[in-house]
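Have a look at the structure below before the remarks.
The values are calculated or read from the model by the stated rules, or taken from the named source; none is laboratory data. Remember, it's a predicted structure, so these values are computed and weren't measured experimentally. Because the Cβ atoms are built from the backbone with ideal geometry, glycine has one as well, and the counts that use them run over all protein chains shown. The accessibility values were calculated without ligands, DNA or RNA, using every heavy atom of the protein model including side chains. Shrake-Rupley method; radii C 1.70, N 1.55, O 1.52, S 1.80 Å.
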Amino acid sequence: MNFVEELKWRGMIHDIMPGTQEQFAKEMTSAYIGFDPTADSLHIGSLVQIMILVHLQKAGHKPVALVGGATGMVGDPSGKSKERNLLDEETLNHNLKCMQAQLEKFLDFDCGENSAEVVNNFDWFKEFSFLDFIRDVGKHMSVNYMMAKDSVKSRLETGMSFTEFSYQLVQGYDFYWLWKNKKCMVQLGGSDQWGNIVTGTELIRRKGGGQAFAVTTPLIKKADGGKFGKTEEGNVWLDKTKTSPYKFYQFWLNSSDEDAKNYIKIFTLKSQEEINSIITEHEQAPHLRVLQKALADEVTTRVHSAEDLEMAIKASNILFGKSTADDLKSLDEDTFLSVFDGVPQFEVSANDFNCGIVDFTVEKTQVFGSKGEARRMLKSNAVSINKEKVNEEKQISSTDLISNKYILVQKGKKNYFLIILK
RNA sequence: GGGGAGAUACUCAAGCGGUCAACGAGGGCAGACUGUAAAUCUGCUGGCUACGCCUUCGUAGGUUCGAAUCCUGCUCUCCCCA
């Protein structure tokens, strides 16, 4: 199956420029996606773009991942209702380094002519002076054209700086540069990037007299209209120190039936037949959640590792299985600790005991952010100690310790915290 | 440069001298139901040494017994004219 068809059945194409498919059919083609260095880790939103590059390489083409050292200094107005804050250079460089390391995990950088490549647009912008830029690049684009972009139009009312207004030209020049110097024919990206991408193909047409192509992916949303990739704590990151493999696994496992059917096509490499059979199986026995498990297994393995997955499953079974306080107590210490590796942990000392549950969860540990919150939770029957519901009267003493060392605190059904006596 | 409008909690948005920790909506969190799903119903959504107290309505002052509400300076944003 060719690249474009593969993306099509997976529901990963939002828009595609005429002629793109023919280009991919004609020859081994390089295509690139830009990643914005706004944080020091990629999150699962960028995972969609990464998967596109993976498919691209599998189809025999050359993936180029661009990290935006230069564009990151400007700030993309697309989809933003407010002017962005600029990052300082140090943060930016740190972010770039981290992101690059993550990207390298997903692609093959040593497989002959379609080896992946990571480029940084700062490399070609650092020597490019402002005057040169407005003469060589700006001259080809009319303000009228730039103003017609949605990303600009929607900001005309509320205002936008010249910096952000110029963003599309900067990104457009990236495409031009890659086209000119690396024969990169296609730019891929999220649907919000369409305007920026087209500026690039226009620049290539006007300045370079050539042709280039584009494919964009739809914005992923949850079935209920909510934002994809957010949890109570915020973004789901690919960096395991920011989102533990256990939490990562849980994120996918918790997706709704509706969502999981879409996600499995986008985030796994399973074939159409495999996916259909998993969905059929799931519909026959939805409570087994075969679908969510298949999804969570594969994504966790790709982003982390088989070992991380194993521990995440083990932890999940213990935390969400039918286990009781007694089961917890019967675990040996090693298993116990490794199971809870991904669960937020707090350390206490022996004299932190013998106090009320509220003090214990707020002051001795930071399970809850304030006493008010702790009381609210307790009142709504949301707190468990070692899998047993407790109320505001509960006193914590050393008899609550498991293996004389641990206490398991639970907020609601899904949020666990491990307290360790040190 | 001239004129006008505005800034309220996570977001939108009421309030226009006391009864305001601030209506409402969205979002979020929790409870029940379930399949660690969806839908639905319910509760909560500034902090505390908690029938009371403290800190919040762009910012700094002022008027007043009393201010988110009135006055003044400042900052920022938007609109119109040049």
**OP:** Calculate, for region A:325-421, the solvent-accessible area per residue in square angstrom, rolling a 1.4 angstrom probe over the heavy atoms of the protein chains.
**Re:** 50 Å²
Original post:
Which aspartates and glutamates, on any chain, are close to A:K389 with Cα under 14 Å apart, when same-chain ones fewer than 8 places away are left out?
Top reply: A:D400
Subject >> Gain in span if fully extended, A:C355 to A:T241, counting 0.36 nm per residue against the direct Cα distance >> reply: 37.9 nm
Original post:
Any idea how far apart A:F228 and A:E281 come out in nm if each label point goes 7 Å out from Cα toward Cβ?
Top reply: 2.4 nm
**OP:** Return the lysines within reach of A:K149: Cα separation strictly under 22 angstrom, same-chain partners fewer than 8 residues apart disregarded; answer none if there are no such residues.
**Re:** A:K80, A:K82, A:K139, A:K207
**OP:** Could you sort out which of A:K364/A:K411; A:K242/A:K314; A:K58/A:K293; A:K314/A:K411 sit more than 18 Å apart by Cα distance in this structure?
**Re:** A:K242/A:K314; A:K58/A:K293; A:K314/A:K411
**OP:** With everything on Cα atoms, drop me the angle between helix A:290-303 and the longest principal axis of chain A, reported from 0 to 90° to the nearest 10.
**Re:** 70 degrees
**OP:** Give me the distance in nm between label points sitting 7 Å out from Cα along the Cα-to-Cβ direction at A:A306 and A:K422, one decimal.
**Re:** 3.4 nm
Original post:
In region A:242-349, with Lys and Arg counted as +1 and Asp and Glu as -1 at Cβ, which of these residues, A:L331, A:V303, A:G321, has the Cα nearest the positive end of the dipole, that is, farthest along it?
Top reply: A:V303
Subject >> Accessible carbon and sulfur surface of region A:230-320 relative to its total accessible area, %, 1.4 Å >> reply: 50 percent
Subject >> region A:229-267: GluC sites (Glu not before Pro) falling in loop per DSSP and having at most 16 other Cβ within 10 Å >> reply: A:E232, A:E233
**OP:** Mind listing the long-range amide H neighbours of A:V348? Cut-off is under 5 Å, sequence gap 5 or more, other chains count too, H placed in the peptide plane at 1.01 Å from N.
**Re:** A:I420, A:L421, A:K422
Original post:
So how strong a dipole does chain A carry about its Cα centre when Lys and Arg Cβ are +1 and Asp and Glu Cβ are -1, to the nearest 20 debye?
Top reply: 960 debye
Subject >> Cα-centre dipole for region A:230-320 with unit charges at Cβ (Lys and Arg positive, Asp and Glu negative), debye to 20 >> reply: 200 debye
Original post:
For A:K221 and A:L131, FRET efficiency with R0 = 56 Å and r from the beta-carbon atoms, rounded to 0.05?
Top reply: 0.85
**OP:** Would you give the gap between the C-alpha center of region A:207-259 and the C-alpha center of region A:338-365, rounded to a whole Å?
**Re:** 33 Å
Original post:
Among A:N114, A:N276, A:N144, which one moves the most in a GNM of chain A with springs linking Cα atoms closer than 10 Å?
Top reply: A:N144
Subject >> Principal-axis tilt of helix A:44-58 within chain A, Cα atoms, nearest 10 degrees >> reply: 60 degrees
Subject >> Residues of type aspartates and glutamates that A:K230 reaches as a straight line, Cα spacing below 20 Å, ignoring anything fewer than 8 places off in the same chain >> reply: A:D36, A:D40, A:D192, A:D239, A:D257, A:E258, A:D259, A:D297, A:E298
Subject >> DSSP beta bridges in chain A [antiparallel fraction, %, rounded to 5] >> reply: 45 percent
**OP:** Place +1 on the Cβ of every Lys and Arg and -1 on the Cβ of every Asp and Glu in region A:49-167, take the dipole about the Cα centre, and give the residue among A:A116, A:L156, A:S129 whose Cα lies farthest towards its positive end.
**Re:** A:L156
Original post:
Do you know the relative contact order of chain A, to the nearest whole percent, from alpha carbon pairs under 8 angstrom that are 6+ apart?
Top reply: 14 percent
Original post:
Roughly what angle does helix A:194-208 make with the longest principal axis of chain A, taking Cα atoms, 0 to 90 degrees, to the nearest 10?
Top reply: 30 degrees
